[in-house]
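Below you'll find the structure, written out as structure tokens, and then a few comments.
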Amino acid sequence: MLAILALILISTTHEAWPALRAMGLRFVTDRTWDPNPAQGNPVFGALSFMYGTAVTSVIALLIGVPVSIGIALFLTELAPRWLRAPAVTVVDLLAAVPSVVFGLWGVLVVAPLLVNVYQWCNDVLGGVPVLGSLFGTPVGTGRSFMTAGIILAIMVTPIVTSISREVISTVPQANKDAAYALGATRWEMIRGAVFPHSFGGLVGGVMLGLGRAMGETIAVALVIGGATAITPNVFAGGNTMAAVIVQQFGESTGTFTAALIGLGVVLFAMTVLVNLAARVIVRRAERRMRGATT
């Protein structure tokens with residue numbers, strides 16, 4: 001697997017090299033993306049798309065992770081036995097829905113319905129410092145960073161839920177019984193016995209969900225709006241690296257194609273860095289827990 005990953009990185013970097021060589025460091029620091037300028041040379045700056053990828057992924061995790069862990073805890077700790085199997089089946093079926101179906105549902109149903117909600121948020125919070133810029137004037141179509149984040153949250157929920165449920169189910173019953181014996185409530189038992197034991201696995205599930213969110217293409221391309229911009233307004237239109245690739249690859253040639261492949265290289269590098277950071281966090285947390293137990 002490591003060899004395959006290395007070959008993917010080498011081959012895509014080789015194909016993207018004309019654009020990377022032409023732009024240099026500006027490829028990841030410039031926000032301008034203009035493959036067909038009226039005058040001058042084409043400009044390929046990935047910063048706007050990197051920003052869009054990060055924003056939509058963060059929104060997806062902020063919405064999807066609490067819901068996913070809550071569902072996993074309910075299924076393992078609270079749900080009656082007769083309900084667990086059907087609920088697990090429903091969650092697994094949600095993971096099997098094609099992404100294009102989520103995208104079509106988002107652009108045809110969700111985005112138009114959310115326009116009024118976005119406008120209400122802007123009317124209520126528009127005058128508040130910081131929040132006013134975060135919840136700014138929404139686009140009329142509803143296709144925005146927030147809509148893309150909501151769709152991604154729905155898409156990553158089955159993945160994070162399934163992994164979290166499996167991890168939480170591995171907590172020894174003796175640990176739970178010990179917490180109850182010490183007088184802990186159910187929530188105190190979850191916080192003191194379940195979460196510490198499951199922390200590494202939960203982070204792994206979140207990282208898999210993040211990878212799905214960062215790499216999603218069709219669904220995001222349909223609901224994000226297709227704008228090239230960096231703005232704090234989550235109700236504005238934008239774009240992500242994966243969405244740009246699927247939108248423009250068919251009409252690209254030469255250096256333009258190399259630039260789109262370069263976006264894939266940058267996305268690959270971002271996912272690797274995120275996973276390395278997650279491993280560091282897990283290791284530090286495990287060391288702290290081992291130190292606390294000794």
Checklist entry - Pick from 132, 211, 64: which residue has the top mean-square fluctuation in a GNM of the chain where Cα pairs under 10 Å get a spring? => result 132
Item to check | Mean-position separation - Cα centroids, region 100-166 and region 221-246, in angstrom | outcome: 13
Checklist entry - Expressed in nm to one decimal, what extension gain is obtained for the pair residue 278 and residue 203 from 0.36 nm per residue of sequence separation less their Cα-Cα distance? => result 26.3 nm
Item to check | Farthest toward positive dipole pole in the chain [+1 Lys/Arg, -1 Asp/Glu at C-beta], among 46, 219, 82 | outcome: 82
Item to check | Long-range amide H partners of residue 238 with built H, under 5 Å | outcome: 145, 225, 226, 227
Next on the checklist: If I compute solvent accessible area with a 1.4 Å probe over the protein chains, what percent of it on the chain is carbon and sulfur?
Outcome noted: 68
Checklist entry - Which translational diffusion coefficient, to the nearest whole µm²/s, is obtained for region 210-253 from the Stokes-Einstein equation, given a Kirkwood hydrodynamic radius over C-alpha pairs, 25 °C and 0.890 mPa s? => result 222
Next on the checklist: Students often get this wrong, so try it: which of (1) 38, 24, 18; (2) 47, 20, 17; (3) 29, 24, 18 is semi-axes √(5λ) of the Cα gyration tensor in Å as calculated from the structure shown?
Outcome noted: (1)
Next on the checklist: Quick check: pseudo-label points 7 Å beyond the Cα along Cα→Cβ at residue 269 and residue 229, how many nm apart are they?
Outcome noted: 2.8
Item to check | Selection from 149, 116, 174, by position along the positive dipole direction of the chain (Cβ) | outcome: 174
Checklist entry - Each residue of region 217-226 in turn: what ³J(HN,Hα) in whole Hz from Karplus with 6.51, -1.76, 1.60 and θ = phi - 60°, glycine and Pro shown as x? => result 10, 4, 4, 5, 4, 7, 10, 8, x, x
Checklist outcome for this item: One finds the C-alpha centres of region 189-215 and region 34-94 to be spaced, in Å, by 14
Checklist entry - For the chain, what is the charge dipole size about the Cα centre, in debye to the nearest 20, if Lys and Arg each add +1 at the Cβ and Asp and Glu each add -1 at the Cβ? => result 820
Checklist entry - How high is the FRET efficiency between residue 95 and residue 177 when r is their beta carbon distance and R₀ equals 30 Å, given to the nearest 0.05? => result 0.35
Checklist entry - What percentage of all Cα-Cα pairs in region 139-274 are separated by more than 20 Å? => result 60
Checklist entry - Between 48, 57, 133, which gets the highest mean-square fluctuation from a Gaussian network model of the chain, Cα cutoff 10 Å? => result 133
Checklist entry - Expressed as a whole percent, how much of the Cα-Cα distance distribution for region 53-92 exceeds 11 Å? => result 66
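When the expected Rg is taken as 2.2 N^0.38 Å, what fraction or multiple of it is the alpha-carbon Rg of region 1-86?
Expressed relative to 2.2 N^0.38 Å, the Cα Rg reads 1.84.
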Checklist entry - In nm, to one decimal, how far is the modelled label at residue 128 from the one at residue 5, with both set 7 Å along Cα→Cβ? => result 4.1
Next on the checklist: Using 0.36 nm times the number of residues separating residue 39 and residue 67, minus their current alpha carbon distance, what extension gain do you get?
Outcome noted: 5.1 nm
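Considering Cα pairs under 8 angstrom that are at least six residues apart, work out the relative contact order of the chain and quote it in whole percent. Before the final figure, lay out the partial values.
Values: 410 pairs, mean separation 82.3, N = 294.
The value is 28 percent.
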Checklist entry - With springs only between Cα atoms under 10 Å, which of 231, 253, 185 fluctuates most in a Gaussian network model of the chain? => result 185
Item to check | Linear extension gain, residue 185 paired with residue 104, 0.36 nm per residue minus alpha-carbon span | outcome: 24.7 nm
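Compute the accessible area per residue over the chain, keeping the other protein chains in place, probe 1.4 Å, unit Å².
About 52 Å² of surface per residue is accessible.
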Checklist entry - With +1 on each Lys and Arg Cβ and -1 on each Asp and Glu Cβ, how big is the dipole of region 69-167 about its Cα centre, in debye rounded to the nearest 20? => result 120
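The values are calculated or read from the model by the stated rules, or taken from the named source; none is laboratory data. What you see is a predicted model, and the numbers here were worked out from it, not measured in a lab. Note that each Cβ is placed from the backbone with ideal geometry, even for glycine, and that neighbours are counted across all protein chains shown. All accessible areas refer to the heavy atoms of the entire protein, side chains included, with ligands and DNA or RNA removed. Shrake-Rupley method; radii C 1.70, N 1.55, O 1.52, S 1.80 Å.
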